[in-house]
Amino acid sequence: MISIYEELCKGCYICIDSCPKNVFGVSKELNKKGIYPSMVENIENCNYCGICELICPDQSIVVKK
């Protein structure tokens, strides 16, 4: 399971760029900051490597297997 705390996301999309399995995409809805946060699009591709959780500068991603 991958949880994204949308209100912490600043829309840098580092998770999208760094994910080797193309799990993330961009939400179509704005968060309270007026930013389109990252979202999980292809959870079935995820191998729970945790790169996204480690690389997120806002600590807005939590990965639990």
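Values computed for the structure shown
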item: Residue ID - surrounded by the fewest Cβ atoms within 10 Å (Cβ to Cβ), chosen from residues in segment 9-64 that are part of a strand (DSSP E or B) and in contact (Cβ under 8 Å) with a residue 24 or more places away in the chain; result: Val62
item: Only listed residue being closer than 15 Å to Glu7 by Cβ and β-branched (Val, Ile, Thr), chosen from Ile43, Ile35; result: Ile35
item: All positions within segment 50-59 that are under 11 Å from Ile2 (Cβ atoms) and in contact with a Pro (Cβ under 9 Å, 6 or more places away or on another chain); result: none
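Laboratory data are not the source of any read-out in this text; all were calculated from the coordinates shown. Just so you know, these numbers come straight off a predicted model, no measurement behind them. Don't worry about glycine lacking a Cβ; one is built from the backbone with ideal geometry, like all the others, and counts go over all protein chains shown.
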